[in-house]
Amino acid sequence: MTEDAREEPAAEADREPCWRGRKVGLSPLDVDDAELLHRWRSDPVAAHEIGIWPQPLSGLRERIERHVEDQGRDDFIVLLPDGTPVGHIALFEQDMVEGTAEVYLMLGPQNRGQGYGTDALNALVDLAFGELPMHRLQAVTHTDNTAALTTLTNAGFVQEGVRRSACLHRGRRYDLAVSSLLRAEWEAQTRPRSWDLWPSRL
């Protein structure tokens, strides 16, 4: 999970969110978003924090096609109110029997520090617990990814452990922090839910 990427394209006025947070909306990921995600994933900081290497655009397009068809995940583009896409967020590895899933987030650098990451994550959490039978959400990131860990904490996630030397990237082993949010913890949050915000935004 990371909150970094390169500059965003112009606003897409005709793109409507299907789910909303306080500051951002979530619109389903489409295969046509491949070029946008390719640019974000090519950012050196994002590549480091996610632990990826450059991938051909054609390969990423094929991956998105698989993601769109995958019933075990939901991918969204994060939008500002004017329709500008600023990130990618996903709920994946969904197990409807066990009630578990993992979250992923990537935002552009000029949009960091403005609360968009926390707001997008809160919206995704509301979807997972308010519309899906999830009991536990998990996020995994490098222990030195301070921005992502702060966003997770702001959204109510609790760091529950560290997977020592669990990731190899650029010739170095990294520890991975495991954070989670349980349904009972979400229910105890006093912030407005996504559906409470809709009347003022429609």
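All of the numbers you see were taken from the coordinates with simple rules; none came from a lab. Predicted model, so just to flag it, every value in this text is computed and none were measured. With ideal geometry, Cβ positions are generated from the backbone for all residues, glycine too; neighbour counts draw on all protein chains shown.
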Seminar exercise, completed: Per GNM of the chain with C-alpha springs under 10 angstrom, the most fluctuating residue out of Leu79, Leu176, Leu149 is Leu176
Seminar exercise, completed: Measuring from its Cα centre, the chain shows a charge dipole (+1 at each Lys and Arg Cβ, -1 at each Asp and Glu Cβ) which, in debye to the nearest 20, is 660
For this session: Work out the charge dipole of segment 14-116 with +1 on the Cβ of Lys and Arg and -1 on the Cβ of Asp and Glu about the Cα centre, then indicate which of Ile64, Pro28, Gln114 is farthest towards its positive end.
Result: Gln114
For this session: With a point put 7 Å past each Cα toward its Cβ, work out how far Leu57 is from Thr190 in nm, to one decimal.
Result: 5.0
Exercise. Within the chain, what's the longest stretch lacking GluC sites (Glu not before Pro) that sit in DSSP loops with no more than 16 other Cβ atoms inside 10 Å?
Worked result: 13-97
For this session: Report the residues of segment 119-163 in range of a label on Arg173: point 7 Å along Cα→C-beta, backbone N strictly under 19 Å from it.
Result: 141-145, 161-163
For this session: Indicate, rounded to the nearest 5 percent, the antiparallel portion of the DSSP beta bridges found entirely in segment 92-202.
Result: 85
